[in-house]
Structure formats: structure tokens, C-alpha cells
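All of the numbers you see were taken from the coordinates with simple rules; none came from a lab. Because the structure is predicted, anything quoted here is derived from the model rather than measured. FYI the Cβ positions are ideal-geometry reconstructions off the backbone, even for glycines, and counts take in every protein chain you see.
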């Protein structure tokens, strides 16, 4: 396994905040970090001198970029997996996680099938491609139905909650217009939403991050706190690790969960670094971005340990198009993304706090977040 990184060039597809924070962690490891994105003002382009102008979904841009680096990873699974795979094959530059994993998990249906294959509990589901098929599927879901766009759905985009049969007619135009079809799944009456991140390297080492609770507001993550205890986590980790090994996964993967009180059900998988683990930058002895890089480079992984008894993260979401303003900040850690434009709902940064307990950390983080005028 690799121990030294100073001669390694890692390329990231996409220039958003996840790529930015990965680059910053890469600098600490001594890795030469490259990024492919469209604009030099992109968050990731601001923190490396190795910015490459291009479209991560363009074959020519991908192939040229791959020629300049030793390893490639991505900040979003919503890329053209076939084009990424072709660029990798044509240049002999490895991509981790594998493009075929990107392709399987970017489709909600094949993602669900992956969960079933490895024995991870999830809600019942079927596939629909029209409002007529959605109406036919409705009777099998006694708790209500959720339609999730099979591809390119995130942060609530492409999700329709059906509480009664009449809702299908109300949303029929949107359902019939979608070119990707939907996964129809049972609505889960949950008590809270949880998440856990795992990292794996090529040698098969797996590190497990703390279980956390998250709150979503308008389908976007608002806050995260932890660590959280759940007696059923142990039975879920076995199949989760089996899945990582079966997929030959490298890097960080995040599992979003519904806690119903009696069960833990997998909501979604994210084959990348994730918003729910941003707390790790200040709360753990190894953050998710470092673990991801170590995973894709087959370096030794450590089991991340909390520095204190509790931690919290609050997203700083835009509320207007005005330039953000904030006052002095004490007892917290600000991670600003450097985005040039503010708008309602946009993730502009986040605040991390460590405390003796999770609730104390969250209380302080929420207070600190109010110092920002977004």
C-alpha cells in the first residue's frame, strides 16, 4: 500500500465545494491535486494551480484531462459513466470509485437492486414510466408512495410524494414528461434520518465513520449532529461491508438511513464524499476527504475517532441574491465555499462545532449560523 504521496497526481471531475474540500485535504497529504471544470471561479479551481478548463461530460475534455494525472475521482455521480470509462480505458488512467459503480448507483432502480443483492434493508419498490403506471402501482403501497426520478435527482429534485391517488393526476404532467422514468417506493414514516460513511481501499481495509442524525429542510440537509447510537447499526454494517467488497469499492461511500423506531432502512447511497460527513473536518482525527483520497490511492486507512463527546454541522444556505455578510465567529469552524453567486437555497458554506455532547454542539452551531446574513 502507498505510504508517500508527493509524486502522485490526482484529478477530480467537477469543480464544486466537494472537490474544493478534497483538494484542501490532498494538499495536506502532499498530493498534486488537479481539477476539471468549466470556470476558473469554480470553488475547486480557486484552491489549486492545476485547474483544467473543460466539461466533465465531454469525451475530449475527459481524455485530455486523464493524460495529465495518475488517478481520477469525482465529486458527483451524475456524470456520463460510459464516457468516463472510455477516457480511463483510452489513457490507462484508473478511476475510483469505478465508472461501472457510478453507472449503477446513479440510477435509482439499479441502486435499489444493489441494496437487495447485498441484503441491505430498504423500502419496497417498483419501476414506473408514466402516470398510468404510477396509478397501477399505487395499491401496493399502503403507507403512501414516493416517486423518485431514476436519474439526476438530488436534494429533493425529481422526487414526488404521493399521499392519495388523486395526487397522481395532479402531478401527471411532470411524471409523463420525465425521460428517465421513476422508482416508485413505499413512503416510510420515519422518526429521524440518519447517515453513516464508510471508506475502503483496494486492499480491503474498511474504516467506519460515526453514525449521525440529520435534519432536512425543503429536501436539503440543514444540520447534522452526532455521534448517534442505534442498536441495529451492527446488523446493517455487515451487509454494507459485504457490498463494498463485492463492488471492489475504493473511496468513501455514504449510506442515508430512515430510523422508524423499530427498523433501519436504507434510503439512498452516495458513492462519494457527502454533506452529512462534513463534521469530520473538525470533529474527528481523520476527515472524510482524506479517507477518500487514501481509499482511492490504496493507502492505509484508520478508524476515525471523535476528538470530543459531541459534534454538529450546520449548512449555510443562501436566502437571497445579496452578497453574504457575517460578524466575528467564536468557538466554531467556518468552511466557506468561495461561490461567486448567492441565491436562495444554495449551499454557501457550513459551520462545524465540537462540544461535550451532540446536543450542546448543535445548539452552539445553530446560534453561530445566525451570525451569517445570507
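The calculated FRET efficiency for the pair residue 58 and residue 370, based on their C-beta separation and a Förster distance of 51 Å, comes to about 0.75. When the Gaussian network model of the chain links Cα atoms closer than 10 Å, the mean-square fluctuations of 360, 291, 283 top out at 360.
Given their separation in residues at 0.36 nm each and the Cα-Cα distance between them, residue 39 and residue 118 gain 24.5 nm when the chain is fully extended. Using a Gaussian network model of the chain in which every pair of alpha carbons under 10 angstrom is joined by a spring, one finds that among 170, 101, 161 the greatest mean-square fluctuation is at 170.
Highest mobility in the GNM of the chain, judged by mean-square fluctuation with C-alpha springs under 10 Å and restricted to 67, 322, 364, is found for 322. Measuring r between the beta carbons of residue 151 and residue 356 and using R0 = 56 Å, the FRET efficiency lands at 0.80.
Under the simplified labelling scheme, the residue 49-residue 219 pair shows an inter-label distance of 4.3 nm, with each label point 7 Å from Cα along Cα→Cβ. Taking a ≥ b ≥ c as the square roots of the eigenvalues of the Cα gyration tensor of the chain, is the shape rounded (a/c under 1.5), prolate (a/b larger than b/c) or oblate? Rounded is the answer for the chain, as its axis ratio a/c remains below 1.5.
With contacts taken as Cα pairs under 8 Å and at least 6 residues apart, the chain reaches a relative contact order of 14 percent.
In plain terms, the residue of 75, 185 with the fewest other Cβ atoms within 10 Å comes first and the most crowded comes last, giving 185, 75.
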